[in-house]
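What follows is one structure encoded as C-alpha cells, with my remarks underneath.
The values are calculated or read from the model by the stated rules, or taken from the named source; none is laboratory data. Values in this document were obtained by computation on a predicted structure and should not be read as measured data. Please note: Cβ atoms are built from the backbone with ideal geometry, for glycine as well, and neighbour counts cover all protein chains shown.
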Amino acid sequence: MSRLRRVSKLQELKSGARALDSNRSIVMIDARVARLPGVKSWLAAFPFRRVLRAGEDLKTLASFQREVEFWQRRWGAKLNRDFSVIAIGGGSVGDFAGFVASVYWRGLRLVHVPSTWLAALDSAHGGKTALNVGGAKNQIGSFHPAEEVILVRELLAAQPPARAVEARGELLKMALLDGGAWAKPVRAAYERELRSAAHGNGAKEALANGALGTAPNWEKLIWKSLPSVVEAKLRVVRRDPREQSGERRILNLGHTWGHVLEATHNWPHGRCVELGLHFADEYFGSDFCDETHRSALRVLPRLPRAQKTRARVTRAEALQRLARDKKRSGAEHVVMIQARGWGKVRRVRVELQSILDFAAAEGWLK
Ligand SMILES: NC(=O)c1ccc[n+]([C@@H]2O[C@H](COP(=O)([O-])OP(=O)(O)OC[C@H]3O[C@@H](n4cnc5c(N)ncnc54)[C@H](O)[C@@H]3O)[C@@H](O)[C@H]2O)c1
Ligand SMILES: [Zn+2]
C-alpha cells in the first residue's frame, strides 16, 4: 500500500527514494504543470519524460497505443523492468499513467505526484487506473497502487484558488465517512459557511455559481487535512483493495446523485459530490422514506436554495444516469450510502423510483 510524503517544493525530491532515480524513471507529466516555475529545471534531469495534455481525451485506447509505441520506438532497449513511472498531474494524467504503468511489461513501479486538489484528495491513493472507451468513462482499468504518493505544496498551490472550493466535496465526504478528530474543523468550517450563506451574508451571484466560500481558507484546510484524508481512504481501501467485498463502495457517498449532476451539467466532480452529499442527506433524513430511514437525522446544514435550484435536472436526465447505477448493482435497486452521523456510514439498497419521486418532491428536478 502507498506511502505518503509531503514536501513544499519539487526540488526537494532530487534524491531519496529509489523510485525517483532520474535514470530509471519515466516521468509522465501534465503539460500545464511542466510549465510551472521550478518544474522545468527539475524535469530536465529526467531523460525519460513525457509531457501530456490533461483531460478525458488522454484516457483513450488510441493515446495508450501512441504512448507505448513511443516508448518502444524512442527508448526501446534503454528501458528495463527496474524502471518506475512517476505520474505528475491531475486525475486524468494519474489514471492514464497508472494504467500504462500497470500493464507495461506486466507492471512497473508507480509514484503519484497529484497536482490537483481532486487528485490529491481522491484519485492518487486508491490504486485505481482507468481508460475511457467510446466516450464512456473508466471502462477499462486495473488496480495498481502507487508505491509512493508525494504531495508537493508548490504544485497544488499553483492551481486557480477556486479549484479548492470545487474539490471540497471530496474532503467533506471523507470527513463524513471517517468522523475522526481531523474532521471537526472541516465540519465546523462548512457549517459556518452554509449558515452564513443561508442568512444572506454570501454574495448571491457567487452562491448561484457554486463558488460558495473563500478559496484561500479551503486551500489551507485541504492541505492540512490531506494526510488524514489519505489515511482514512487507505483504511477503507485496505479492507477491500480490489472492490470485491463491497466495503469500498462506501467511498461512493454522495456519488449517486452527484453523478447525475456531473453527467447533466458537466460541473467539476467535487462540486457534484458536494451537492450529492446533500441529496443523500435529505433523502435519508426525510419523511418520504420508510420507517428505518425516517429515524435518521440529517447531518449536514441545509443547502442554500439558490444552489439547489441551479442544480436541477429533468426526470429523463436523472433516470438515464440512475438506470446505469441500477444495472451496475446487478439488482432492482440502486445502492446509496447513508451517513447516519459523522463516521457512521452504511450501504442501503433503494428503489430507483423512490429516488426519482423524492427528487421531484424536494425540488431537485425541473
Ligand atoms: N482513479 C481514481 O480513483 C479516480 C478518482 C476520482 C477521479 N478520477 C479521475 O480524475 C479525473 C479528474 O481529475 P482532475 O480534476 O484532477 O482533472 P484533470 O487531470 O483533467 O485536470 C484538470 C485541469 O487542471 C490542470 N492542472 C493540473 N494540475 C494543475 C496545477 N497544479 N495548476 C494548474 N492547473 C493544473 C490540468 O491541466 C487540467 O486542465 C477524471 O478523469 C476522473 O475520472 C479518478
Ligand atoms: Zn469522487
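Couple of notes before you dig in:
- Cβ pairs under 7 Å, 6+ apart, first in the stretch 255-280 and over 14 Å from Thr309 (Cα atoms), second surrounded by fewer than 24 Cβ atoms within 10 Å (Cβ to Cβ) and hydroxyl-bearing (Ser, Thr, Tyr): Ala280/Thr256
- Residue match in the stretch 128-138 (condition: under 19 Å from Arg238 (Cα atoms), within 12 Å of the chain's Cα centre (by Cα) and within 10 Å of ligand 1 (Cβ to nearest atom)): yes
- Tabulated pairs, the stretch 177-198, first at positive phi, second part of a loop (DSSP other than H, G, I, E, B), C-beta under 8 angstrom, 6+ apart or interchain: Gly179/Trp342; Gly179/Gly343
- Residues satisfying the stated conditions in the stretch 335-366, i.e. in a strand (DSSP E or B) and either among the polar types (S, T, N, Q) or over 17 Å from Leu275 (Cβ atoms) (or both): Val335, Gln338, Arg340, Gly341, Lys344, Val345, Arg346, Arg347, Val348, Arg349, Val350, Glu351
- From Leu13, Leu52, Leu43, residue being modelled with pLDDT under 90, outside the structural domain of Arg239 (by TED's automatic domain parsing) and either in contact with a strand residue (DSSP E or B) (Cβ under 8 Å, 6 or more places away or on another chain) or within 16 Å of ligand 2 (Cβ to nearest atom) (or both): Leu13
- Criterion: in contact with an Asp or Glu (Cβ under 9 Å, 6 or more places away or on another chain) and aromatic (Phe, Trp, Tyr) - qualifying residue of Trp71, Trp75, Trp117: Trp117
- Residue, farthest from Ala136 (Cα to Cα), within the stretch 47-67, restricted to residues that are small (Gly, Ala, Ser) and within 17 Å of the chain's Cα centre (by Cα): Ala54
- In the stretch 56-110, the qualifying residues are those that are assigned to a loop (DSSP other than H, G, I, E, B) and hydrophobic (A, V, I, L, M, F, W, C), and the one that is nearest to ligand 2 (Cβ to nearest atom) is Leu108.
- Residue match in the stretch 165-186 (condition: crowded, with 22+ Cβ neighbours inside 10 Å, in contact with a Pro (Cβ under 6 Å, 6 or more places away or on another chain) and assigned by TED's automatic domain parsing to the domain that holds Gly343): yes
- Taken over the stretch 272-296, the residue count meeting the criterion of being at pLDDT below 95, crowded, with 17+ Cβ neighbours inside 10 Å and of a type in the set (D, E, K, R) is 2.
- Residue count for the stretch 18-36, restricted to those that are at pLDDT below 90 and either under 26 Å from the mean Cα position of the chain (by Cα) or within 30 Å of Gly135 (Cα to Cα) (or both): 2
- Given (1) modelled with pLDDT under 95; (2) under 18 Å from Leu156 (Cα atoms); (3) not in a helix (DSSP H, G or I), index of the condition Val113 fails: (1)
- Of the residues making up the stretch 68-121, those that are more than 16 Å from the chain's Cα centre (by Cα) and of a type in the set (Ser, Thr, Tyr) are Ser84, Ser102, Tyr104.
- Qualifying residue in the stretch 143-156 (condition: more than 17 Å from Glu231 (Cα to Cα) and either free of Cβ contacts under 8 Å to residues at least 60 places away in the same chain or more than 15 Å from ligand 1 (Cβ to nearest atom) (or both)): yes
- Restricting the stretch 143-161 to residues that are crowded, with 16+ Cβ neighbours inside 10 Å and within 20 Å of Gly55 (Cα to Cα) leaves a set whose member that is farthest from ligand 2 (Cβ to nearest atom) is Ala158.
This table checks each residue for (1) more than 12 Å from ligand 1 (Cβ to nearest atom); (2) at pLDDT below 95; (3) assigned by TED's automatic domain parsing to the domain that holds Leu322.
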position: Arg235; (1), (2), (3): yes, yes, yes
position: Arg242; (1), (2), (3): yes, yes, yes
position: Ser245; (1), (2), (3): yes, yes, yes
position: Arg249; (1), (2), (3): yes, yes, yes
position: Asn252; (1), (2), (3): no, yes, yes
position: His265; (1), (2), (3): yes, no, yes
